[in-house]
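Asks: One structure is given below, represented as structure tokens, and several questions about it will come after.
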Amino acid sequence: MVRTKDQFLKDVANRKCEIYFRGRRLSTVLEDEDLKYAAYHTARLFDYPKRTYFDESLNLEISKYYKIPRSSHDLLERHLLIYDNTIFGYGLFNISQAIGSDALFALLIVSKMIDKKYGTDYYSRVWRYYQDVVRGDLTIAVAQTDVKGHRKKRPFEQPDPDLYLRVVETKSNGIVVRGAKAHTTHSVAVDEIIVLPTRAMSPNDKNYAVAFAIPVDTPGLKLIVRETGRVSRTYIGRKEGVEPETLTVFDDVFVPWDRVFMYGEYDYAGLLAITFATYHRFTAVSYRAALANLYLGAAYKMAEANGVLDAKHIRDDILEIVIYKEIQRMGALAAAMYPLIQEGIAIPNPVYTNIAKLYSNSKFSDVLKAVVDVAGGIIATFPTYEDLQNEITRKYVSKYMQAAIDGERRIKLIELLRDLVVIGGGWYLTTMMHAEGSMEASKLELFRSYDYKEALELVERLLEE
């Protein structure tokens, strides 16, 4: 079944979850005037005209996000899907099926490896779950990052054992888990949550080596939502671009066996974590390249509006954003062209993926700096939203905001740039540094996965002569 926007919103309205936002308990995001934009953002995914394709193996029309990549061509198509869908969403990423498919691909690969070693049946469970997801055209959040407690202690060493999510009881029909996952993106506006381990585990961490999937309205699951700002009043908010995060609390949540995909196989926890991360970082540089168009287009138009597009330092600022955008695209394309193949599934090249992701992490502050230099201080000192609603004050604001273009047009540009830099800049800077894995995590994986052989052999030849 391919869902429509209206079908998705109806499903959200009929769901009874345990959501906490601004001190209130909600059953659905639609109960709050600001938080409802998260559901509208997810729903926009179903309006994307190029989202689905006919899968011959399943004999079914399904979302392209769930197309299992088998080759470079498939990964290139995935990059374009994420990039183009982000453009369709006003330059704002829609995580609703992207991150879930990242997790599913990793689970399909690693579950088969576990089965080969231990004689388990995880792969068949993952495959059945995958079919349920694609047939239901479901949306998924991924809860991976544990709250971690004392950062230098392993999971089993924590003074409070719940600081990493763990299995606290085993039953004949499933397991009971307890703990919390931090910054779970968009969990309040999806159908399902996939839970993955956050790190490599030791034998003493077996109870923490767990992966599973549950519906978002599962009893005991509590979603504590971060402050989103008064999104309905901002330019971006009006474009339905809200993806809130939650502190996702598992208060003795029951998971049936058919939804359990790892249970104590500590030696594969790290592999599952990093395989998912590789897919998700590929997703990151694909959508971030598209998102960069917001900053590039707004900066360019503001330079035109101010009459300074021909100034050298302004051109340099604009090119800073161009380079930021295109290096990420280059990384994604290279990662797709030279994939790893494991268990018949193509994984984006980890080296090119992590290099592009590190560039994205470290250089976003330069993008903000470039935009501020182009736009000027007006984006920080601009009058309030309420002043623009007042006929008297708006008349003066419009008159004195004119430059190389009329005042009303320039007001719209200023509002957009205020959202992107002043209001949202700190949030974007934080997420650009930490979302889809921190810089240190990317560096660690890049150092481990890079093939030094060619460089070492070259130097060795020189030393032997």
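The values are calculated or read from the model by the stated rules, or taken from the named source; none is laboratory data. What you see is a predicted model, and the numbers here were worked out from it, not measured in a lab. Note: ideal-geometry Cβ built from the backbone for every residue, glycine included; neighbour counts use all protein chains shown. Note: areas computed on protein heavy atoms with side chains; ligands, DNA, RNA excluded. Shrake-Rupley method; radii C 1.70, N 1.55, O 1.52, S 1.80 Å.
Asks: For Leu333, state whether it is under 21 Å from His434 (Cβ atoms) and of a type in the set (A, V, I, L, M, F, W, C).
Replies: Considered against the rule, which asks whether it is under 21 Å from His434 (Cβ atoms) and of a type in the set (A, V, I, L, M, F, W, C), Leu333 comes out as no.
Asks: Shifting gears a bit: Based on this model, can you work out whether Thr234 counts as at pLDDT below 95 and closer than 16 Å to His183 by Cβ?
Replies: no
Asks: Have a look at Thr248, Thr283, Thr275 and point out the one that is buried (at least 21 other Cβ atoms within 10 Å of the Cβ), farther than 14 Å from Gln144 by Cα, touching a helix residue (DSSP H, G or I) at 6+ places or on another chain (Cβ under 7 Å) and among the polar types (S, T, N, Q).
Replies: Thr283
Asks: OK, next. For the range 59-71, give me each residue that is at negative phi and open to solvent by 30 Å² or more (accessible area, probe 1.4 Å).
Replies: Leu60, Glu61, Lys64, Lys67, Arg70, Ser71
Asks: How many of the residues in the range 123-136 are more than 23 Å from the chain's Cα centre (by Cα) and open to solvent by less than 20 Å² (accessible area, probe 1.4 Å)?
Replies: 0
Asks: Out of curiosity, is Gly331 assigned to a helix (DSSP H, G or I), out of contact with any helix residue (DSSP H, G or I) (no Cβ under 8 Å at 6 or more places or on another chain) and not aromatic (Phe, Trp, Tyr)?
Replies: Against the criterion (assigned to a helix (DSSP H, G or I), out of contact with any helix residue (DSSP H, G or I) (no Cβ under 8 Å at 6 or more places or on another chain) and not aromatic (Phe, Trp, Tyr)), Gly331 does not qualify.
Asks: Within the range 25-53, which residues are more than 17 Å from Gln97 (Cβ to Cβ), at pLDDT 95 or above and basic (Lys, Arg)?
Replies: Result: Arg25, single match.
Asks: Here's another thing I want to ask about it. When you scan the range 154-191, how many residues do you find that are touching a Leu at 6+ places or on another chain (Cβ under 7 Å), surrounded by fewer than 16 Cβ atoms within 10 Å (Cβ to Cβ) and in a loop (DSSP other than H, G, I, E, B)?
Replies: The total comes to 0.
Asks: Every residue in the range 293-328 that is open to solvent by 70 Å² or more (accessible area, probe 1.4 Å) and of a type in the set (Ser, Thr, Tyr), please.
Replies: The answer is Tyr300, and nothing else.
Asks: Could you list all residues from the range 28-64 that are over 20 Å from Ile140 (Cβ atoms) and of a type in the set (Gly, Ala, Ser)?
Replies: Ser57
Asks: I would also like to ask the following. Restricting to helices (runs of 4 or more DSSP H) lying wholly in the range 1-118: which have 3 or more residues that are of a type in the set (D, E, K, R)?
Replies: It comes to 5-14, 72-88, 98-118.
Asks: Further question on the same structure: Does the range 72-82 hold any residues that are open to solvent by 20 Å² or more (accessible area, probe 1.4 Å) and not hydrophobic (A, V, I, L, M, F, W, C), and which are they?
Replies: Scanning the range 72-82 gives Ser72, His73, Asp74, Glu77.
Asks: What is the one condition in (1) surrounded by fewer than 16 Cβ atoms within 10 Å (Cβ to Cβ); (2) over 17 Å from Ile193 (Cβ atoms); (3) charged (D, E, K, R); (4) modelled with pLDDT of 95 or more that Glu56 does not satisfy?
Replies: (4)
Asks: What are the residues in the range 334-350 that are assigned to a helix (DSSP H, G or I) and either in contact with a Phe, Trp or Tyr (Cβ under 7 Å, 6 or more places away or on another chain) or free of Cβ contacts under 8 Å to residues at least 24 places away in the same chain (or both), if any?
Replies: Of everything in the range 334-350, those that are assigned to a helix (DSSP H, G or I) and either in contact with a Phe, Trp or Tyr (Cβ under 7 Å, 6 or more places away or on another chain) or free of Cβ contacts under 8 Å to residues at least 24 places away in the same chain (or both) turn out to be Ala334, Ala335.
Asks: Continuing with the same structure: Of everything in the range 137-152, what is out of contact with any Leu (no Cβ under 9 Å at 6 or more places or on another chain) and either exposed (fewer than 15 other Cβ atoms within 10 Å of the Cβ) or part of a loop (DSSP other than H, G, I, E, B) (or both)? Give them in sequence order.
Replies: Result: Asp137, Leu138, Thr145, Arg151, Lys152.
Asks: Also, I was wondering about something else. Are any residues in the range 301-324 in contact (Cβ under 8 Å) with a residue 60 or more places away in the chain and in a helix (DSSP H, G or I), and if so, which ones?
Replies: Residues satisfying the conditions are Lys301, Met302, Ala303, Glu304, Ala305, Asn306, His313, Ile314.
Asks: Still on this model: Which of the numbered conditions does Thr120 fail, given that it passes all the others? Conditions: (1) open to solvent by less than 10 Å² (accessible area, probe 1.4 Å); (2) over 22 Å from Ala182 (Cβ atoms).
Replies: (1)
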